[in-house]
Structure formats: structure tokens, C-alpha cells
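Asks: Below are the C-alpha cells for one structure; questions will follow.
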Amino acid sequence: MSKPFKLNLLIIFLAGLLLFSVNDVLACSCITLPFEEMFDSSTSVFEGTVISIEKPENEYSVDPVKVTFQVIRVWKGESLDKIIIYTENQTTACGYPFDDKPGSTYLVYAYEYEGRISTNICTRTRLRSQAVGDLLRLNIRNNGLGISMTVASIVILVAGALFFRKRIRG
């Protein structure tokens with residue numbers, strides 16, 4: 001083999017290595033935790049209406065989006081009238097895609113990250129209309145209705161069983 005041929009072969013080989021080498025990819029990949037685990041691991045869980053959304057001027061910026069909420073109800077964390085939540089600017093970096101217009105109401109699961117209260121698409125943060133199940137669980141959890149509902153269910157089952165037993169016998 002001639003020298004130019006070996007050199008070309010080496011260049012093609014190195015180009016192939018460069019082309020097909022594994023690079024780090026910044027993309028979001030996560031699993032949303034079940035309700036109890038998410039609640040326990042969150043710093044703050046609240047329902048709030050978006051007052052303002054401040055996005056970086058450059059849509060590809062690594063600066064976070066700043067979302068200010070008027071707090072409606074708090075299940076966990078500090079009770080404030082307003083709270084500022086941060087999220088990544090891109091959903092590919094797990095940023096939560098809050099509506100661009102103020103006025104939408106969310107159930108927010110937030111955590112502390114780099115000294116800021118933050119959320120992302122890996123949490124159970126959702127529009128209120130999409131969080132009915134979690135809102136019910138939160139209300140049951142905080143109002144102690146879980147035990148009351150269990151006791152009521154048992155009483156109803158026992159009463160029903162006694163009623164049907166009596167009807168069957170006579």
C-alpha cells in the first residue's frame with residue numbers, strides 16, 4: 001500500500017470515529033414519581049394562578065424562566081401570598097412549559113435547587129384542570145378525611161352486609 005492510500009485510510013477512519021463517537025446529549029429523561037413520593041420529596045406544594053412569566057430574551061439561553069404565582073392554597077411549604085418559581089427555559093432540559101399568558105392556575109410541586117424554588121416536567125406540576133386526582137388526594141391528606149372515609153366505607157359495607165343477610169334469611 002502506498003503512503004497516500006494509508007494516509008487517506010487513516011483520515012477516513014478518524015473521521016468515522018469522530019462522526020460516530022458517543023457525545024453527551026442534553027435531553028430530558030425522567031419518570032414522574034407516584035403521588036406520595038412526589039409530595040414527600042417536594043419542598044413546596046401549592047395551587048396558584050400565574051401572575052407573570054419572565055423568559056430570557058434568547059430562546060436558547062440557559063437562564064431559567066421566572067414564573068410568579070398568586071398563591072391560592074398551600075399543602076406543603078411556606079404560606080405566602082405570592083411565590084416565584086424557576087424552571088429551565090427548554091423542555092428538552094426538563095423545563096416546565098407554563099402558558100405564555102398569565103391567568104392560568106396550576107398545582108405546583110416545587111423543590112429547592114441552587115438556592116431557588118424550582119419545578120420541571122418530571123414533577124407532578126399540572127394545570128389545575130389536569131390535576132383533579134392530586135387535588136383530591138391533597139385535600140383528603142390534609143383534612144384527615146382519609147380515616148373518616150375509610151371508617152364510613154366500613155360502616156356502609158357492614159350495614160349493607162347485615163341488610164342483605166336479613167333479606168336472604170327471611
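The values are calculated or read from the model by the stated rules, or taken from the named source; none is laboratory data. Owing to the predicted nature of the structure, the values given are computational and were not obtained by experimental measurement. Cβ coordinates were reconstructed from backbone atoms using ideal geometry, including for glycine residues, and neighbour counts include every protein chain displayed. The protein model used for the area step is the full one, side chains on, heavy atoms only, and it has no ligands, DNA or RNA in it. Shrake-Rupley method; radii C 1.70, N 1.55, O 1.52, S 1.80 Å.
Asks: If you go through region 78-88, how many residues are within 16 Å of the chain's Cα centre (by Cα) and assigned to a loop (DSSP other than H, G, I, E, B)?
Replies: Residues flagged as within 16 Å of the chain's Cα centre (by Cα) and assigned to a loop (DSSP other than H, G, I, E, B) within region 78-88 amount to 1.
Asks: If you don't mind, another one. Could you please let me know if L162 is within 16 Å of R73 (Cβ to Cβ) and either exposed (fewer than 14 other Cβ atoms within 10 Å of the Cβ) or at pLDDT 65 or above (or both)?
Replies: On the way: within 16 Å of R73 (Cβ to Cβ): no; either exposed (fewer than 14 other Cβ atoms within 10 Å of the Cβ) or at pLDDT 65 or above (or both): yes.
Answer is no for this residue.
Asks: Just to be sure, is S104 touching a helix residue (DSSP H, G or I) at 6+ places or on another chain (Cβ under 9 Å) and either among the polar types (S, T, N, Q) or under 17 Å from L127 (Cβ atoms) (or both)?
Replies: Yes.
Asks: Another question about this same structure. Which of the residues spanning region 89-114 are more than 25 Å from G133 (Cα to Cα), in a loop (DSSP other than H, G, I, E, B) and open to solvent by less than 70 Å² (accessible area, probe 1.4 Å)?
Replies: If the condition is that a residue be more than 25 Å from G133 (Cα to Cα), in a loop (DSSP other than H, G, I, E, B) and open to solvent by less than 70 Å² (accessible area, probe 1.4 Å), then N89, Q90 are the ones that fit.
Asks: Additional query: I'd like the full set of residues that are touching a strand residue (DSSP E or B) at 6+ places or on another chain (Cβ under 9 Å) and either part of a loop (DSSP other than H, G, I, E, B) or aromatic (F, W, Y) (or both), limited to region 115-147. Please lay out each step first, then the result.
Replies: Going through region 115-147, the residues touching a strand residue (DSSP E or B) at 6+ places or on another chain (Cβ under 9 Å) turn out to be 116-121, 123-131, 134-135, 138-139, 141-142.
Residues satisfying the conditions are T119, N120, I121, T123, R124, T125, A131.
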